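Working notes for the structure below.
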Amino acid sequence: MSKIPTVFDAKYYDEDYFRTPEGKKYIGSDGEVHGWSYASPDGEFLGAKQIAEAWKEVFNPTYMLDVGAGRGTFVAYARDVGIHAYGFDYSSFAVNEGRYPRCGSVYLIQHDATKPWPWYDKQFPLVVSLDFYEHIYEEDLFLVIPEMFRVASKYIFLQIATVDGVKEKGYSLKKGEPVPEGLQGLAVAGHVNVRTEEYWYDRFDHEDWMPRRDLVAHFVSLVDQRIIRNWLLNTIIVLERI
């Protein structure tokens, strides 16, 4: 029987999701029950150092907000390079007992991104969001995207899991509907809206913001390709307020 929920709420993103090796259970294409997890004891990711340094060089922000910050790893590394970074995540485990040890508790809070964000307009010169938007139900995007635009004053950096639209068509799950067995191996990570790069560029189209593919290229040139291999297989988007 499937262990995948019909709604990926905050409780889903618990210790089994982030830390426990056997992780979350799902039914694979072979019909057997498998497990998935980040299986990270403390949330460490050494590649975050180069990424934070690249953000500093490309955007030179004084303040930064990490949306869907998980355990706060990137918040800590951004602060290492002189960026006053803050973050929030849906998961109580991630921001409390599972928090990355070098991320101070005052810099990471629990918050639901589909509710009004507790920051004022244009507060952050840089807003980053990594592996976040594919976790947002399509019906909630009309709440989340305007909040992101509202709190960002200059730049937005996004990394999103996507499909090419040819070999992989993508999918969008609905709240309350069972996840088909054929999608459970993908959805187990909490990915409820996996679409093409073009889909996301359309979603982020806004008269006050422009895409900066040149800044994406600049960022990529500064980071060891092995560190961001999965990002390059998916989508990186940079937006600048006009």
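The values are calculated or read from the model by the stated rules, or taken from the named source; none is laboratory data. All of these numbers come straight from a predicted model, not from anything done at the bench. All Cβ positions, glycine included, derive from the backbone under ideal geometry; neighbour counts span all protein chains shown. What goes into the accessible areas is simple: the full protein's heavy atoms, side chains included, and nothing from ligands, DNA or RNA. Shrake-Rupley method; radii C 1.70, N 1.55, O 1.52, S 1.80 Å.
What do you reckon, is Tyr100 open to solvent by 20 Å² or more (accessible area, probe 1.4 Å), aromatic (Phe, Trp, Tyr) and on the phi < 0 side of the Ramachandran plot?
Here the answer is no, as Tyr100 does not meet what is asked.
Residues in the range 50-78 that are of a type in the set (A, V, I, L, M) and under 18 Å from Val151 (Cβ atoms): how many?
6
Scan the range 37-54 residue by residue and report those that are surrounded by 15 or more Cβ atoms within 10 Å (Cβ to Cβ) and either at pLDDT below 95 or assigned to a loop (DSSP other than H, G, I, E, B) (or both).
Hits for the range 37-54 are Ser37, Tyr38, Ser40, Gly43, Phe45, Gly47.
Please go through the range 200-217 and pick out each residue that is part of a loop (DSSP other than H, G, I, E, B) and either in contact with a Gly (Cβ under 8 Å, 6 or more places away or on another chain) or exposed (fewer than 13 other Cβ atoms within 10 Å of the Cβ) (or both).
Asp205, Glu207, Asp208
Report yes if Val81 is within 19 Å of Val151 (Cβ to Cβ), aliphatic (A, V, I, L, M) and in contact with a helix residue (DSSP H, G or I) (Cβ under 9 Å, 6 or more places away or on another chain), otherwise no.
Against the criterion (within 19 Å of Val151 (Cβ to Cβ), aliphatic (A, V, I, L, M) and in contact with a helix residue (DSSP H, G or I) (Cβ under 9 Å, 6 or more places away or on another chain)), Val81 does not qualify.
Where residues in the range 174-199 are in a loop (DSSP other than H, G, I, E, B) and open to solvent by 20 Å² or more (accessible area, probe 1.4 Å), which of them is nearest to His34 (Cα to Cα)?
Only one residue tops the list, namely Pro180.
Cβ-Cβ under 8 Å, sequence separation 6+ or interchain: first residue in the range 217-238 and at pLDDT 95 or above, partner open to solvent by 60 Å² or more (accessible area, probe 1.4 Å) and not in a helix (DSSP H, G or I). Which pairs?
Final answer for the pair search is Leu232/Gln225; Ile237/Pro211; Val238/Pro211.
Go through the range 1-41 and count every residue that is hydroxyl-bearing (Ser, Thr, Tyr) and free of Cβ contacts under 8 Å to residues at least 40 places away in the same chain.
Summing the residues that are hydroxyl-bearing (Ser, Thr, Tyr) and free of Cβ contacts under 8 Å to residues at least 40 places away in the same chain in the range 1-41 gives 4.
Would you confirm whether any residue within the range 94-113 is under 18 Å from the mean Cα position of the chain (by Cα), β-branched (Val, Ile, Thr) and either closer than 28 Å to Pro5 by Cα or not in a helix (DSSP H, G or I) (or both)?
Yes, the conditions are met somewhere in the range 94-113.
State whether the residues of the range 59-80 include one that is without any contact (Cβ under 8 Å) to a residue 24 or more places away in the chain and assigned to a helix (DSSP H, G or I).
No - not one qualifying residue is present in the range 59-80.
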